[in-house]
Amino acid sequence: MTVDTSRYDAALDAFLSDSSAYRATAAIDELRATDYSRLDRAGLVYMDYTGAGLYAESQVRRHQQMLLEGVFGNPHSKSPTSLTSAANVEAARLAVRTFFRASPEEYEVIFTAGASAALKLVGESYPFGPDSRYLLTYDNHNSVNGIREFARAAGARVTYLPVDAAELRMDPDMVRAELAKPLADNNLFAYPAQSNFSGVLHPLEWIDEAHEQGWDVVLDAAAFTPTNRLDLSVVKPDFVPLSFYKMFGYPTGMGALVVRRTALSKLVRPWFAGGTITLASVQGEGWHHLAPGATGFEDGTADFLGMPAVSIGIAHLESVGVDVIHQRVSVLAGWLLDHMNALVHSNGAPMVRIFGPRDMTARAATIAFHLLDPTGEAYDVHQMEALAGKQSISLRTGCFCNPGDGEVAYRITAADMAAAFAERPAATFQECQDLVRTATGKMPNTIRVSLGLASNFADVYRFIEFAEGFRDVVRGVL
């Protein structure tokens, strides 16, 4: 994509003159030129940080150096190489706890394969029963939705809290009304700190309100933590699932469940595995002792070679400053929203339909939307993704594993979904999309852009230039 340099320079000057908050984050521009220089060398615009964070080159070099210079054994032993690995695992655990200001007296850190594995661990181990409730919001990742299957299998009551169609937010009064109705035993409330679909920031105050009514709380922080400070000395959810690749890009396939010790004591594992027990026997039914604390919930051998990369990644985030990252992406997202809202065709019709808040009030730098033609029809999102890719812009399309927000955003009703599920089973994601579209006549798909640590003004400017290229272009002409 060729950028009009003089036009860009004028836009940048205007942006900087209006934004002292952005100028205060100039250290990230220096970092972009060094640790993330591959973006500009390749001319790439990366706008899918909610999907995956980007790693710094220094993270990889530090980890590589450690691997090249060290010798590491299985941590389930007392040899010198094993003790080194065990020390690395505990150093990573300490780094996570320190980053989130989670007191060791109050919180334990359980390493998992990611946020989804952490949520499955909660679902399979939480003591649901006929006198339990699982309360969750429409606005949730499918890994949170999936816990309902464990709850229902145990006879617990499952209740969803809807979001409004205007901004995809929940009604606080409705939330409080449901929290006031726990059942006799073991009630679990789950919601995201930040929507991975709309970018809405949901109130963290609900955690204390739920606790006052006797609920345990799952706070899905996977989309929140890359650009927001989660201080567990201030807010105290019981279960916090995390994926490290969303926070700092590398390593993938690793995450954690940060869990309050009082909540951990409630969990009952439905099985045991290597590494989770202190003693087991094959000569008596049920003879096994689960290891105490985090060890009893970490299956098999920890990724002891990857653990130092977690410590390195957290140190990298700390060196940049989560508050600095938050400030930068908030300013950029505000500019982006303003310009998306201002895009119109020559006939005055809007070029963008945003799903969720149209400004930065209680929202993050994740924006879901459709691009519209002059008649108000949405362009095919897969075609938009492909055209953006030709201009080296990486964005995201789909429902983002968040069917609740998607169904409300696209005005898909329960009857519509019943009709879709009544059709033949679909094997692939695209077949599922086509099935819903055929059954409902509605587009169950959208575009999402999201900003993160290495984002800069050039990224959002190039995206707006891309979107402007569709002014007055009728959908069928593309």
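For the stretch 71-319, a Kirkwood hydrodynamic radius built from all Cα pairs, placed in the Stokes-Einstein relation at 20 °C and 1.002 mPa s, yields a translational diffusion coefficient of 114 µm²/s. Summarised as an ellipsoid, the stretch 1-154 has semi-axes of 40, 29, 15 Å, derived from the eigenvalues of the Cα gyration tensor scaled by 5 and square-rooted, with the largest first. Site pair SER265 and ASP323 shows an inter-label distance of 3.5 nm when each label is modelled 7 Å from Cα along Cα→Cβ.
The distance from the alpha carbon centre of the stretch 44-101 to that of the stretch 382-405 is 31 Å, rounded to a whole number. Helix content alone sets the calculated 222 nm mean residue ellipticity of the chain: runs of n ≥ 4 DSSP H residues at -39500 (n - 2.57) each, divided across all residues, give -12000 deg cm²/dmol.
Using all pairs of distinct alpha-carbon atoms, the Kirkwood hydrodynamic radius of the stretch 89-197 works out to 15.6 angstrom. Summing charges over neighbours of HIS63, with a neighbour being any other residue whose Cβ is under 14 Å away from its Cβ, gives -2 when K and R count +1 and D and E count -1. Applying 1/(1 + (r/R0)^6) with r as the Cβ-Cβ distance of ALA418 and LYS78 and R0 = 51 angstrom yields a FRET efficiency of 0.30.
Would you mind calculating the gained length between ARG101 and CYS401 on full extension (0.36 nm times residue separation, minus the Cα-Cα distance), in nm to one decimal?
My answer for the length gained is 105.1 nm.
Shown is the FRET efficiency for ARG152 and LEU67, computed with R0 = 60 Å from the Cβ-Cβ distance and rounded to the nearest 0.05: 0.85.
Within the stretch 312-361, none of the trypsin sites (Lys or Arg not before Pro) combine a DSSP coil assignment with at most 13 other C-beta atoms in a 10 angstrom radius. The Cβ shell under 11 Å around GLY296 holds other residues with a net charge of -2, Lys and Arg each +1, Asp and Glu each -1. Summing Cβ point charges (Lys, Arg +1; Asp, Glu -1) relative to the Cα centre of the stretch 71-319 gives a dipole of roughly 480 debye. Note: the chain, Cα convex hull, 169 Å³ per residue. Annotation: the antiparallel percentage among DSSP beta bridges lying fully within the chain is about 60. The stretch between GLN283 and SER346, if pulled fully straight at 0.36 nm per residue, gains 14.7 nm over its current Cα-Cα span. Which helices of the chain meet both criteria: a Cα extent of 27 Å or more along the helical axis and a mean Kyte-Doolittle score no lower than -0.5, with helices taken as whole DSSP H segments? Helices meeting the span and hydropathy rule in the chain are 80-99, 322-342.
FRET efficiency for the VAL474 to ASP359 pair, using the beta carbon distance and R₀ = 35 Å, is estimated at 0.75. Put simply, when 79-87, 53-61 are sorted by average Cβ atoms within 10 angstrom per residue, most first, you get 53-61, 79-87. Here the peptides 446-457, 294-305 are ranked by packing, the mean other Cβ count within 10 Å, and the order with the highest first is 446-457, 294-305.
Every number here is computed from the coordinates shown, using simple stated rules; none is lab data. Quick caveat: nothing in here was measured; it's all calculated off a predicted structure. Neighbour counts are summed over all protein chains in view; Cβ atoms, including those assigned to glycine, are modelled from backbone coordinates with ideal geometry.
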